[in-house]
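Every number in this text was worked out from the coordinates using simple rules, so none of it is lab data. Note that the structure is a prediction, hence the values are computed from the model and not measured. Positions of Cβ are backbone-derived with ideal geometry, glycine not excepted, and every protein chain shown enters the neighbour counts.
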Amino acid sequence: MSGRYDDIIHLSHPTSAKHPRMPMADRAAQFSPFSALSGHSAAIAETARLTDRRVELEEDDRAELDRRLGLLLEHIRERPEVTVIWFQPDERKEGGMYRTTTGCLKRHRELERTLVLEDGTEIPMGDIVGLESSCFHGKMQIE
């Protein structure tokens, strides 16, 4: 005999009469990797998520937007179709994203300063940066 364990190397594996053998899948699970920092990967993903910075409109652009909004509100009973470009602030971090939403205008909530579309989308008027509608054509000069 040349090694320390030569005397037991050929013996059968001991089995317990009280405890059944653990299945191989369960044994393997004991050694699988685990996340020592739970939530860390989610925090990294959130930090890496990109947001846009809100752009402030020039005075002329704001005036044109106000004219379009006024004309749109004059035709609200007709439920005109409108395409709105607006900034949606991010709920978790600074910035947000610009959205383009198209639908029929259902209501104007004056106190909340929001436009409500027929599908229930509510758009804060302060976040609108662009409006397009067929009711503008022929009614005002669009540049």
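Return the label of the correct value of Cα Rg over 2.2 N^0.38 Å, as calculated from the structure shown, out of (1) 2.24; (2) 1.28; (3) 2.38.
(1)
In terms of modelled amide H atoms, which long-range or inter-chain residues lie less than 5 Å from the amide H of residue 130?
The answer is 85.
Helix-only mean residue ellipticity at 222 nm, the chain, DSSP H runs n ≥ 4 weighted -39,500 (n - 2.57), per residue, nearest 500. What is it? Write down the numbers at each step before the final one.
Values: 3 runs with 32 residues, N = 143.
That calculation yields -6500 deg cm²/dmol at 222 nm.
Could you tell me how far the Cα centroid of the stretch 1-21 sits from the Cα centroid of the stretch 27-91, in Å?
What the calculation gives is 64 Å, centre to centre.
Equivalent ellipsoid semi-axes for the stretch 59-136, as square roots of 5 times the alpha carbon gyration tensor eigenvalues: give them largest first, rounded to whole Å.
Taking √(5λ) for each Cα gyration eigenvalue gives 20, 15, 11 Å.
May I ask you to evaluate 6.51 cos²θ - 1.76 cosθ + 1.60, the Karplus curve with θ = phi - 60°, for each residue of the stretch 103-112 and list the ³J(HN,Hα) values in order in whole Hz, giving x for glycine and proline?
Computed from phi, the couplings for the stretch 103-112 are x, 8, 6, 9, 7, 10, 8, 5, 5, 7 Hz.
Report the paramagnetic label zone for residue 85: residues of the stretch 33-71 whose backbone N is under 17 Å from a point 7 Å from Cα along the Cα-to-Cβ axis.
Flagged as within label range: 52-69.
Let me know the volume per residue of the alpha-carbon convex hull for the stretch 1-84, in Å³.
Cα-based convex hull of the stretch 1-84, divided per residue, equals 307 Å³.
Could you rank the peptides 10-19, 88-97 by their average count of other C-beta atoms within 10 Å per residue, with the highest value first? Can you show the working numbers first?
Numbers: 10-19: 6.0, 88-97: 11.7.
In descending order of packing, they fall as 88-97, 10-19.
Give the residue from 101, 37, 114 lying farthest towards the positive end of the charge dipole for the stretch 25-143; charges sit on Cβ (+1 for Lys and Arg, -1 for Asp and Glu) and the dipole is referred to the Cα centre.
The one lying farthest along the dipole's positive direction is 37.
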